[in-house]
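The next block holds one structure in the form of structure tokens; read it before the comments.
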Amino acid sequence: MTITSPTPDLTGTRLRTGADYLAALSDGRDVRVDGEQVTDVAGHPAFRGVAETMAAMYDAAGAPGSPLVDPETGRLALFTVPRTRAQHDLRKVALEEWNRMSHGFIGRGPDHVSGLLAGFAGNPGVFDTDEHQLGATVVAFHDYAAAGGLWITNSIVPPQANPNDPTSRVTPVHLVEKTSEGIVVSGAQMLGTGAAVADEIFVTSVRPLAPTEPEKALSFVVPVNAPGLRLICRRPYATSGSRFDYPLSNRLDESDAMVAFDRVLVPWDRVFAAGSVEVVNRQFFGTAAHQIGNLQSIIRLTAKLRFLTGVAAKVARANGRDSDLAIKMQLADLATIQTVSESLTESAHAFATADDQGVIRPAGKYLYAALGMQTEVYPRAVRMLGELVGGGVIQVPSSVLDLDDPESIASMDLLMGSDHLPMVERVKLFKLAWDLVGSEFAGRHVQYERFYSGAAPVVKMYAHRHYPFAEAEALVEEFLGSYDATQR
Ligand SMILES: Cc1cc2nc3c(=O)[nH]c(=O)nc-3n(C[C@H](O)[C@H](O)[C@H](O)COP(=O)(O)OP(=O)(O)OC[C@H]3O[C@@H](n4cnc5c(N)ncnc54)[C@H](O)[C@@H]3O)c2cc1C
């Protein structure tokens, strides 16, 4: 069985263009949505918007002097292994630019797994065991992905299931057999965001495995079109309505899919772990992958919060209430949330240090504080915007089609027309606000941020692990030592 994958330009002389990306989606992948097997992913209404957005982002990288490109390699800086301060800075600037273009709404674009791969490639020894020497594969695959500028998403969590149900047929992805060509895997993973429009999927278990689970101890990347791999997509939001009515849903719905494997052959040149619990459990933290990969997470969140704050400020102005004290306080609260996220991101970057492999890791204390906050602050920011917009998001016509009807226009002008903000501009703004606070796309984003890096208790454990409690406790010890029971 042969696996075909998008052919990247390996010469390193030409960056991937939007057209290259779109063409690569026509590869026979098995994508199911709304009872249909999609034959033309890039042209399907469920995926066309985000595919076009991504194509434009790839094209932007090709503009002269783009901050997305590492001048040393000519490749996307998202893949650069940060071994020098300059490379570390380059990655940050590229991540900021990438997320400025998507306003942080594409969570698992090419900017996320590229960071994980860079971290893996920075310490390939972690992938070598007595049974399999896969460190060199990790380095070669990182190089291959960087050369092609590939969009690799991830699917690293098993499906939800009741562990006490003896009749359960739920099987996380697992090893069926090893052959001379590669590993054969079956089972399922909970979700792969963006999988329908990505090139490949990184599959592993982010949850630590027990020594008794070697069959689940896998780490590999598989092309989306691998025979036996099927994506069952959730309801698309891009089809909710026109670009005017659902401006975010329409072009930024990255999609989510359940990922099912039926005897999928993963060639050895894409396998990073094949049965070693130790490798799977060490890959994220024994390398810089988790820290490098999650710098993207917080840069992305900061960009999204900035956009949301901008919408809030524009709504306040549209209603002529931007000078009201109460509204200013609401805006200040939103601005504070955004600024805290930005400050933690800046600190994670500024206080980064090189690990024992010479790879620069963002500072865990700040990085994980930001990730830990994410589960709470995004839902809070959306609720605050919802309070600010009031009924304005409902005081809009059913669709852009109403703007073709002169009688409706005349009535709507009485409801919302002004010389300062023409009726159509106001409708446009409030429809955007609805896509942030009330649409299905909006609801999915609240749920996404709650679980972006895992359930809150899991993420907070990362923050706990990286906070120097001993320093804080030493201060208290010193203070406690300064008096005793004899002093009254
Ligand atoms: C929109 C969206 C997109 C996603 N995209 C991807 C993707 O691209 N790739 C991917 O791999 N996954 C993806 N996921 C899945 C995501 O990784 C999981 O939702 C996340 O890991 C949490 O797992 P779970 O959903 O099974 O929830 P659970 O872990 O079962 O959490 C459910 C509840 O149990 C609580 N809980 C969980 N663990 C503990 C604990 N240790 N102690 C106490 N309480 C606990 C939680 O706080 C929560 O209240 C996505 C999820 C969403 C919502």
Query raised in the report: Out of curiosity, is Leu218 surrounded by 24 or more Cβ atoms within 10 Å (Cβ to Cβ), over 20 Å from the mean Cα position of the chain (by Cα) and not small (Gly, Ala, Ser)?
Result: yes
Query raised in the report: For region 164-203, what are the residues that are farther than 21 Å from Thr153 by Cβ, assigned to a strand (DSSP E or B) and charged (D, E, K, R)?
Result: Glu177, Lys178
Query raised in the report: Right, Tyr483: open to solvent by 90 Å² or more (accessible area, probe 1.4 Å) and under 26 Å from Glu376 (Cβ atoms) or not?
Result: no
Query raised in the report: Residues in region 445-455: is at least one of a type in the set (A, V, I, L, M, F, W, C) and either open to solvent by 30 Å² or more (accessible area, probe 1.4 Å) or more than 16 Å from the ligand (Cβ to nearest atom) (or both)?
Result: yes
Report summary line: Within region 465-480, the residues that are open to solvent by 90 Å² or more (accessible area, probe 1.4 Å) and touching a helix residue (DSSP H, G or I) at 6+ places or on another chain (Cβ under 8 Å) are Arg465, Tyr467
Query raised in the report: Of these, Val427, Val458, which one is open to solvent by less than 20 Å² (accessible area, probe 1.4 Å) and among the β-branched types (Val, Ile, Thr)?
Result: Val427
Query raised in the report: When the residues of region 129-156 are filtered to those that are outside any helix (DSSP H, G or I) and among the acidic types (Asp, Glu), which remaining residue is least open to solvent (accessible area, probe 1.4 Å)?
Result: Glu131
Query raised in the report: Residue check: is Pro159 open to solvent by less than 60 Å² (accessible area, probe 1.4 Å) and either within 11 Å of the ligand (Cβ to nearest atom) or of a type in the set (Ser, Thr, Tyr) (or both)?
Result: yes
Requested in this report: Could you list, in sequence order, all residues of region 250-292 that are of a type in the set (S, T, N, Q) and open to solvent by less than 10 Å² (accessible area, probe 1.4 Å)?
Outcome: Ser255, Gln283, Thr287
Query raised in the report: Identify, please: which residue in region 1-26 is closer than 21 Å to Val185 by Cα and surrounded by fewer than 16 Cβ atoms within 10 Å (Cβ to Cβ) and is, among those, modelled with the highest pLDDT?
Result: Thr4
Report task. Restrict the check to region 436-443 and report whether at least one residue is more than 24 Å from Lys314 (Cα to Cα) and either open to solvent by 30 Å² or more (accessible area, probe 1.4 Å) or assigned by TED's automatic domain parsing to the domain that holds Val389 (or both). Result -> no
Query raised in the report: Quick check: is even one residue across region 87-108 within 16 Å of the ligand (Cβ to nearest atom) and either among the charged types (D, E, K, R) or open to solvent by 50 Å² or more (accessible area, probe 1.4 Å) (or both)?
Result: yes
Query raised in the report: Can you name the residue in region 173-212 that is within 12 Å of Val271 (Cβ to Cβ) and within 13 Å of the ligand (Cβ to nearest atom) and, of all such residues, is surrounded by the most Cβ atoms within 10 Å (Cβ to Cβ)?
Result: Val203
Query raised in the report: Do we have any residue at all in region 64-76 that's assigned to a helix (DSSP H, G or I) and modelled with pLDDT of 95 or more?
Result: no
Query raised in the report: Would you call Ala60 closer than 30 Å to Thr309 by Cβ and in contact with a Gly (Cβ under 8 Å, 6 or more places away or on another chain)?
Result: no
Query raised in the report: Condition test on Val315, is it modelled with pLDDT of 95 or more and more than 28 Å from Leu421 (Cβ to Cβ)?
Result: no
Query raised in the report: Of the residues in region 111-170, how many are among the hydroxyl-bearing types (Ser, Thr, Tyr) and over 27 Å from Ser186 (Cβ atoms)?
Result: 1
Query - Residues within region 416-452 that are more than 13 Å from Asp245 (Cβ to Cβ) and either under 22 Å from the mean Cα position of the chain (by Cα) or β-branched (Val, Ile, Thr) (or both), tallied - result: 13
Query raised in the report: Applying the selection to region 341-377, what residues are β-branched (Val, Ile, Thr) and modelled with pLDDT of 95 or more?
Result: Thr345, Thr353, Val359, Ile360, Val377
Query raised in the report: Gly320: closer than 22 Å to Phe79 by Cα and out of contact with any helix residue (DSSP H, G or I) (no Cβ under 7 Å at 6 or more places or on another chain), yes or no?
Result: no
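The values are calculated or read from the model by the stated rules, or taken from the named source; none is laboratory data. Just so we're clear, the structure is a prediction, and the values are computed from it rather than from any experiment. Virtual Cβ from ideal backbone geometry, glycine too; neighbours counted across all protein chains shown. The accessibility values were calculated without ligands, DNA or RNA, using every heavy atom of the protein model including side chains. Shrake-Rupley method; radii C 1.70, N 1.55, O 1.52, S 1.80 Å.
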